[in-house]
Amino acid sequence: MKMKFKEIAGSIVAPQGFMASGVFCDIKRLGTGKGSNKGQKRDLALIIRAGHERRIPVIIGTAGGAGAAPHLAWTREIIEELTRERGLSLRLAVIASDLDRAVLSSALAEGRLRPLGFAREATPAAIDQSTHIVAQIGLTPFVEALAGGANVGVTGRVTDTGLTLGPLVHE
């Protein structure tokens with residue numbers, strides 16, 4: 001079986017996101033996350049075991065496929081189940097990237113919320129009707145989590161550079 005993770009600077013990083021899921025996908029349709037509980041648990045077990053055996057941190061980026069709060073909770077539950085079943089002692093950092101609607105609405109009203117490139121202009125209705133709104137996080141939360149002693153990190157929506165550079169900067 002080929003595992004999809006990379007060992008970077010003494011850490012294992014495992015991106016779970018897929019193209020544009022944080023921007024365009026219907027999270028209600030996705031349910032709790034991308035994939036089945038059984039498949040997710042199998043993959044996480046392989047990754048966490050590899051990190052545990054090497055005594056290096058594991059970072060799971062854009063948890064559950066889109067990285068919204070329900071996806072983080074789903075992934076966290078599976079990791080906690082694995083730690084109980086296998087008798088592991090992990091220091092888990094959960095790094096959310098969900099945005100507060102009130103903050104976004106205020107930024108829009110004040111003219112501080114602008115689209116990037118191809119994106120459409122935000123509207124009050126779009127903000128109010130969104131099931132979940134997530135931002136992409138960069139490397140700082142990873143550096144802080146690793147410096148704080150985390151050996152497993154589960155993140156909301158994350159940039160590829162944040163996921164790979166966080167462990168490098170921490171080193």
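The values are calculated or read from the model by the stated rules, or taken from the named source; none is laboratory data. As the structure is a prediction and not an experimental result, all values here were calculated from the model. All Cβ positions, even for glycine, are placed from backbone atoms using ideal geometry, and neighbour counts span all protein chains on display. Heavy atoms of the whole protein, side chains included, go into the accessibility calculation; ligands, DNA and RNA do not. Shrake-Rupley method; radii C 1.70, N 1.55, O 1.52, S 1.80 Å.
Would you say residue 106 is out of contact with any strand residue (DSSP E or B) (no Cβ under 6 Å at 6 or more places or on another chain) and in a loop (DSSP other than H, G, I, E, B)?
Spelling it out, it is not the case that residue 106 is out of contact with any strand residue (DSSP E or B) (no Cβ under 6 Å at 6 or more places or on another chain) and in a loop (DSSP other than H, G, I, E, B).
Are there any helices (runs of 4 or more DSSP H) wholly within segment 114-171 with 1 or more residues that are crowded, with 19+ Cβ neighbours inside 10 Å and aliphatic (A, V, I, L, M), and if so which?
In segment 114-171, the matching helices (runs of 4 or more DSSP H) lie at 140-147, 160-170.
How about segment 5-101: which strands (runs of 3 or more DSSP E) wholly inside it have at least 3 residues that are modelled with pLDDT of 85 or more?
Per the criteria, 58-61, 92-95.
Within segment 62-74, can one find any residue that is open to solvent by less than 50 Å² (accessible area, probe 1.4 Å), among the hydrophobic types (A, V, I, L, M, F, W, C) and closer than 10 Å to residue 152 by Cβ?
no
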